[in-house]
Structure formats: C-alpha cells, structure tokens
Amino acid sequence: MHRVEKSYDLYRRANELIPGGTQLLSRRPTKYANGVSPVYVARASGARIWDVDGNEYIDWVSGIGAIILGYCDPVVDDAVREQIGKGVATSISSAVELELAEELCRTIPCAEMVRYAKCGGEACAIAVRIARGATGRDKVLFCGYHGWHDWYLAANLVAEESLNSHLFPGIEPIGVPKALAGTALPFPFGDLAALGQLLDDHKGEVAAIIMEPLRSERPADGYLAGVRKLCDERGVVLIFDEVSSGFRFGMQAAQGFVGVTPDMAVFAKSMSNGYPMGAVVGRRNVMEPAARMFISSTYWSDPIGMVASLMTIRELRRRNVSEGMWSFGRELQSRLNSVAGEVGLDVHCGGLAVHPHLEFVSTSPDQKPVLATLFIQEMAKRGCHGYASFYLNAAQGPTELEQTAAAAREVFTIIRRALDSGDAESFLECPRQQDAFRRLVR
Ligand SMILES: Cc1ncc(COP(=O)(O)O)c(C=O)c1O
C-alpha cells in the first residue's frame with residue numbers, strides 16, 4: 001500500500017466538497033511534496049504528528065506557527081478543559097477577558113489597550129479599521145502578508161503584481177470591490193527612501209503602515225527606527241503584524257527584540273498554542289476611538305482562546321521558552337551545517353536562529369525550488385514533515401535534533417547525487433513545490 005494513500009484519498013474527496021480542498025493555503029499538499037507529504041492528521045502530541053496512514057513525523061511546521069509550546073501542552077490543555085466545564089459562549093462576558101488584557105498590557109511594550117479577534121487576518125483587518133477610524137484617512141501602506149481580507153487584496157486591483165513579492169504571484173483580486181483600488185499600497189522592506197517617497201506621493205492620506213518588523217533575518221540597523229520616525233512626522237499609525245513572530249522573539253515579542261515600539265500590534269498564532277485567538281493591542285490614543293467604531297463579534301469573547309492565551313503566555317515566561325528556542329535553533333543550524341559539510345553539499349542553514357531556513361547556496365534560481373522540493377520529499381519519507389525552513393516549538397528537543405540530523409545526512413547525500421547527475425528534477429516523485437508564501441523577508 002502506498003505510504004500516504006489514505007491522505008490522498010481524503011484529499012481527492014475533499015476537493016469534491018470543499019473549494020480549494022483546504023481552508024488554509026499552507027495546508028495544501030501543493031505547498032509541500034504533493035503526493036509524498038502527509039495531508040491529513042490523525043493526532044498530534046509534543047513535537048510530533050501522526051497522519052491518517054499511521055506514519056509518524058516530527059512536525060517542523062509547528063501548526064504553521066500556531067504551536068509554540070508543543071502539541072497538547074498539558075498546562076494549557078488542562079486550563080482549557082477546566083474552562084469547558086465552566087461553560088463557553090455565555091450571554092455575559094467572562095472576567096478572563098480583562099485578566100488577559102492586563103497580562104498583554106504588562107507584557108507587550110506598545111500595549112495600553114486591547115481588542116480581541118479569533119485569527120490573524122481578522123486581527124489585521126480590525127487594526128486597519130481602527131487606524132483608519134482614528135486618523136480619518138483611507139490609505140494603508142503595507143509590506144508582507146496580512147491575511148485575506150478586502151483591505152489587503154485591494155492592492156492587486158491597481159496592478160495584479162502588487163502582491164507578487166509580498167505573498168506570491170498570480171493572485172487575482174476576485175470578489176474584492178473595485179472601488180477599493182488605490183487604498184492599499186505595497187512598499188519594499190528595507191528601503192526607507194521608497195517609503196518616504198510613497199508617503200510624499202500620498203501626503204495627508206495615509207492612515208497606517210502595517211508590516212512585520214522581521215521574520216527570519218535581522219533588519220538593517222536603523223531601518224525600523226526610520227519607519228517609526230516617518231510615521232511620527234506624518235501622523236501615520238505604525239502597526240506591527242506580530243501574528244507569526246510574536247513571543248518567539250522574546251517575552252516583549254518582536255517589537256522588544258528590535259527595540260522599536262509601534263502604535264499598534266497584532267497577535268494571533270503564537271499567543272495561544274493553537275487555540276483560535278487573536279489580539280489587537282496599542283497605545284491608548286489610537287485604540288480609544290475604537291469604542292465609537294462598529295467592531296463587534298460573538299466569538300471574540302470566547303473564553304477558551306483567552307484561557308489558552310493566558311496560560312500560554314505565563315508558561316512561555318515560566319519556562320523561558322524564547323531563550324530555549326534561540327539556543328535550540330542555533331544547535332539545529334550548526335548540526336545541519338556540519339552534516340552539509342561532511343556530505344559535501346553547498347547548502348547553508350541560516351537566518352535568525354528562532355526561525356532557521358535552508359539556502360541552496362551555489363544553485364541557480366531555477367534549480368532552488370527543485371532542491372527545496374527534493375528536500376521536503378526525502379525528509380517526509382524519513383519522518384520529518386516541513387518545508388526547507390523550520391518553525392520551532394518548545395517540545396522539540398535532543399531526540400528531534402538527532403533524528404533530523406540523521407535524516408538530513410541521507411537527504412543531503414541524495415541532493416548532492418541529484419546535482420551531480422545534471423538532472424535534479426528527475427529525482428522528484430512529485431511536482432515542484434508551488435510558490436511558498438514570500439511574506440517579506442523569508
Ligand atoms: C504575518 C501574518 N499576518 C497575518 C496572518 C494571517 O493569520 P491567520 O491565518 O490566523 O488569519 C499570518 C498567517 O500566517 C501571518 O503570518
């Protein structure tokens with residue numbers, strides 16, 4: 001029987017009933033080694049997942065970043081079970097809403113007031129609405145990926161390639177009202193002059209700049225402080241999208257790590273160890289006007305996500321998770337780099353250690369996706385699910401490191417052989433990985 005037969009049977013059936021097959025693009029098998037990577041999970045625990053065919057994997061995607069402590073963390077899950085016993089979706093609010101707001105304001109540098117959401121894209125849409133409402137301006141400058149909502153996809157109404165380098169090419173803004181054309185404008189990361197020019201071109205019209213402060217590379221010295229200064233000079237609300245970065249970079253989140261405090265920040269995936277939850281936090285002067293705006297939803301008061309988030313943040317602090325991730329990431333990079341050296345493959349595991357990624361150094365741009373796909377394919381066969389990059393979580397430890405380094409030794413050898421053959425593509429048992437999200441840096 002084919003190793004992942006059940007997964008692909010289910011996926012075929014899903015495509016008959018669910019347009020696009022999955023709810024999240026990053027869960028589509030086309031984003032991995034399509035036909036080899038697992039598609040459906042039976043269960044997850046700690047650093048691992050088991051697919052519906054019974055294969056076990058180390059999950060190097062960590063729930064696409066939603067998992068930070070590890071799957072089924074006992075402290076978080078016990079608190080969730082306790083809350084289920086107390087009831088959910090009650091007609092009046094739960095005091096945990098306030099408890100979490102106080103915790104977020106104590107923890108995150110820019111947080112003086114808080115609103116909630118259920119996911120990252122939604123939280124970004126709320127932040128943009130608040131910034132527009134607070135400034136009375138319509139235009140938003142953005143860099144990177146910020147969800148699926150109209151305000152963001154409107155960027156592709158003017159020029160269909162606007163999102164190419166921020167997300168991926170070929171996104172048609174189908175269903176986005178044409179009247180929004182010109183309201184969301186992309187800017188390139190790292191180029192202060194370009195951003196200043198854009199602000200000049202749209203003087204007095206820009207409500208907000210929304211961006212990830214960093215991802216897996218450190219921004220150039222002074223860049224984010226320069227963005228902050230431009231915002232201050234022009235009365236523009238600076239929003240950091242911390243949906244993916246968040247507490248991975250430390251207890252003060254990425255904004256603490258880079259030492260630049262935005263006016264607002266958006267959190268989701270890494271704040272609640274997988275339970276649906278999102279938050280928009282910010283300075284009082286920007287957040288307070290939201291009291292008069294119509295921003296309202298039943299499930300934003302869901303106590304499950306809030307309890308999960310409260311426990312996750314407390315456990316991140318108590319276990320000193322971020323520091324552990326930095327050193328674990330450095331160890332992973334060094335192990336993979338020494339394996340590459342031993343095997344004689346010109347691949348480098350680099351980037352900031354909390355989010356390492358592989359770079360096939362001397363390979364032509366056309367061959368890089370082939371080698372990345374080959375890596376994903378061969379690692380999957382050896383019980384490691386992921387991309388050519390690594391999302392860390394606190395349940396990963398020495399066993400995962402050993403197993404991954406041993407698998408990488410075999411896989412790097414195969415890749416070297418593929419390169420030596422002059423026809424690396426013939427080593428693929430699947431199509432090339434479809435454009436991974438480019439986001440902003442990597
Ligand atoms: C930076 C950033 N913003 C927004 C989102 C959207 O979050 P969600 O998928 O929870 O809507 C993501 C998701 O990957 C993200 O990485």
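The values are calculated or read from the model by the stated rules, or taken from the named source; none is laboratory data. Keep in mind the model is a prediction, meaning the values are calculated, not measured. Every residue, glycine as well, gets a Cβ built from its backbone with ideal geometry; the counts of neighbours run over all protein chains shown.
For (1) of a type outside the set (Ser, Thr, Tyr); (2) under 22 Å from Gly144 (Cβ atoms); (3) assigned by TED's automatic domain parsing to the domain that holds Ala131; (4) touching a strand residue (DSSP E or B) at 6+ places or on another chain (Cβ under 9 Å), each residue gets a yes or a no:
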{"site": "Leu238", "(1), (2), (3), (4)": "yes, yes, yes, yes"}
{"site": "Gly250", "(1), (2), (3), (4)": "yes, yes, yes, no"}
{"site": "Thr261", "(1), (2), (3), (4)": "no, yes, yes, yes"}
{"site": "Lys269", "(1), (2), (3), (4)": "yes, yes, yes, yes"}
{"site": "Gly278", "(1), (2), (3), (4)": "yes, yes, yes, yes"}
{"site": "Val281", "(1), (2), (3), (4)": "yes, yes, yes, yes"}
{"site": "Asn285", "(1), (2), (3), (4)": "yes, no, yes, no"}
{"site": "Phe294", "(1), (2), (3), (4)": "yes, no, yes, no"}
Take the residues of region 41-77 that are of a type in the set (Gly, Ala, Ser) and over 22 Å from the mean Cα position of the chain (by Cα): which is surrounded by the fewest Cβ atoms within 10 Å (Cβ to Cβ)? Gly54
In region 146-164, residues that are over 18 Å from Arg132 (Cβ atoms), within 16 Å of the ligand (Cβ to nearest atom) and modelled with pLDDT of 85 or more total 1
Just to check your reading of the model, which residue among Cys143, Cys124 is within 16 Å of the ligand (Cβ to nearest atom), under 20 Å from Asp232 (Cβ atoms), surrounded by 18 or more Cβ atoms within 10 Å (Cβ to Cβ) and under 21 Å from the mean Cα position of the chain (by Cα)? Cys143
Only one of Ala225, Ala220, Ala208 is within 16 Å of the ligand (Cβ to nearest atom) and at pLDDT 95 or above, namely Ala208
Could you tell me whether any residue of region 103-111 is within 13 Å of the ligand (Cβ to nearest atom) and either under 16 Å from Gly282 (Cβ atoms) or of a type in the set (A, V, I, L, M) (or both)? no
Do we find that Asp221 is acidic (Asp, Glu) and surrounded by fewer than 16 Cβ atoms within 10 Å (Cβ to Cβ) in this structure? yes
Pick from region 406-423 the residues that are over 26 Å from Ile58 (Cα atoms) and not in a loop (DSSP other than H, G, I, E, B): which of them is nearest to the chain's Cα centre (by Cα)? Leu419
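Residue-wise test of (1) of a type outside the set (D, E, K, R); (2) exposed (fewer than 15 other Cβ atoms within 10 Å of the Cβ); (3) assigned by TED's automatic domain parsing to the domain that holds Asn55.
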| residue | (1), (2), (3) |
| --- | --- |
| Gly350 | yes, no, yes |
| Val354 | yes, no, yes |
| Phe360 | yes, no, yes |
| Pro365 | yes, yes, yes |
| Pro369 | yes, no, yes |
| Ile376 | yes, no, yes |
| Lys381 | no, no, yes |
| Tyr387 | yes, no, yes |
| Val411 | yes, no, yes |
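Conditions (1) within 30 Å of Gly397 (Cα to Cα); (2) within 16 Å of the ligand (Cβ to nearest atom), marked per residue:
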| residue | (1), (2) |
| --- | --- |
| Val41 | yes, no |
| Asp73 | yes, no |
| Ala95 | no, no |
| Ala117 | no, yes |
Counting only residues that are within 27 Å of Gln83 (Cβ to Cβ) and not hydroxyl-bearing (Ser, Thr, Tyr), region 113-137 contains a total of 14
Residues in region 3-20 that are touching a Phe, Trp or Tyr at 6+ places or on another chain (Cβ under 8 Å) and either surrounded by fewer than 19 Cβ atoms within 10 Å (Cβ to Cβ) or not small (Gly, Ala, Ser) (or both): how many? 3
Listed by first then second residue, the pairs whose first member lies in region 43-59 and is in a loop (DSSP other than H, G, I, E, B), whose partner is modelled with pLDDT of 95 or more and among the polar types (S, T, N, Q), with beta carbons under 7 Å and at least 6 positions apart or on separate chains, are Ala47/Asn393; Ala47/Gln396; Val52/Ser7; Asp53/Ser7
Scanning region 313-333 for residues that are touching a Cys at 6+ places or on another chain (Cβ under 8 Å) and surrounded by fewer than 22 Cβ atoms within 10 Å (Cβ to Cβ) gives Gln333
Complete set of residues in region 275-312 that are crowded, with 24+ Cβ neighbours inside 10 Å and either among the polar types (S, T, N, Q) or in contact with a Gly (Cβ under 7 Å, 6 or more places away or on another chain) (or both): Met277, Gly278, Ser309, Thr312
Restricting to region 258-274, name every residue that is over 17 Å from Ser322 (Cβ atoms) and within 12 Å of the ligand (Cβ to nearest atom). Val266, Ala268, Gly274
Answer yes if at least one residue in region 399-408 is surrounded by 22 or more Cβ atoms within 10 Å (Cβ to Cβ) and more than 29 Å from Leu163 (Cβ to Cβ), and no otherwise. yes
Residue satisfying all of: in region 228-257; within 16 Å of the ligand (Cβ to nearest atom), among the hydrophobic types (A, V, I, L, M, F, W, C) and crowded, with 20+ Cβ neighbours inside 10 Å; farthest from Glu103 (Cα to Cα) among these: Leu238
May I ask you to list the residues in region 213-270 that are out of contact with any Phe, Trp or Tyr (no Cβ under 9 Å at 6 or more places or on another chain), among the small types (Gly, Ala, Ser) and assigned to a loop (DSSP other than H, G, I, E, B)? Ser216, Ala220, Gly222, Gly235, Gly259, Ala268
From Pro213, Pro188, Pro169, residue being touching a Ser or Thr at 6+ places or on another chain (Cβ under 8 Å), away from the ligand (no atom under 16 Å from the Cβ) and not hydrophobic (A, V, I, L, M, F, W, C): Pro188
